[in-house]
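Here's the structure we're looking at; comments come further down.
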Amino acid sequence: EAPEYSLLARFAESLKISLPDLRVRVNRRMQGLSDRNTRAQPRRESMPPAPPPGPRRVEAPPRPSPPTHESAPFMQTPTPMTAPPPTPLPKEFPNEPKVADLPPVTLQLLKQSIMFDNETDSVAGISRTLGIPADRAAQIRLAILDAFPDLKPGSQAIRQVPRR
């Protein structure tokens, strides 16, 4: 076929064999002739040996052993485990105090506002977050500060550095 011949032509060119010589070699090979002599040589293909003449005897494959319904010792069904009873929290575990019935996440956000903003800005933030007037927001701010004594308001935590 043409693609095979073109591939052979490229190999022949790299081996410095002329195209007419390549054609002669391919024709001889296809006819089973050797380049060295003109007598026919058998093709070197690996073929399985021919079966002996006569009726063929076919052996059935061995049957697998029937399955056993016993599980192996390492595959035994584990015994059900029960969860251990919940351990009570130690008495010294910190309990978040309730401030004005605020949800924990809202309370945390308001604590951050108190820590990072000055008093005026934190009161405005509490007022805006809870949708209440500023005087009520100031009371809630004081209640949060009373409930969390370690909480330092932003106005106290950051000291102004005098400029030179």
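The values are calculated or read from the model by the stated rules, or taken from the named source; none is laboratory data. Nothing here was measured: the structure is a model prediction, and the numbers come from that model. Calculation scope for accessible area: heavy atoms of the full protein, side chains included, ligands and nucleic acids excluded. Shrake-Rupley method; radii C 1.70, N 1.55, O 1.52, S 1.80 Å.
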| task | Please calculate the 1.4 Å probe accessible area of Thr120, with all protein chains present, and give it to the nearest 10 Å². | result | 100 Å²
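Kindly sort Lys98, Lys152, Lys16 by accessible area of their heavy atoms, largest first, with the probe set to 1.4 Å. It would help to have the intermediate numbers written out before the result.
Working: Lys98 155, Lys152 115, Lys16 175 Å².
If we order Lys98, Lys152, Lys16 from most to least accessible, we get Lys16, Lys98, Lys152.
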| query | To the nearest 10 Å², what's Phe116's accessible area with a 1.4 Å probe? | reply | 150 Å²
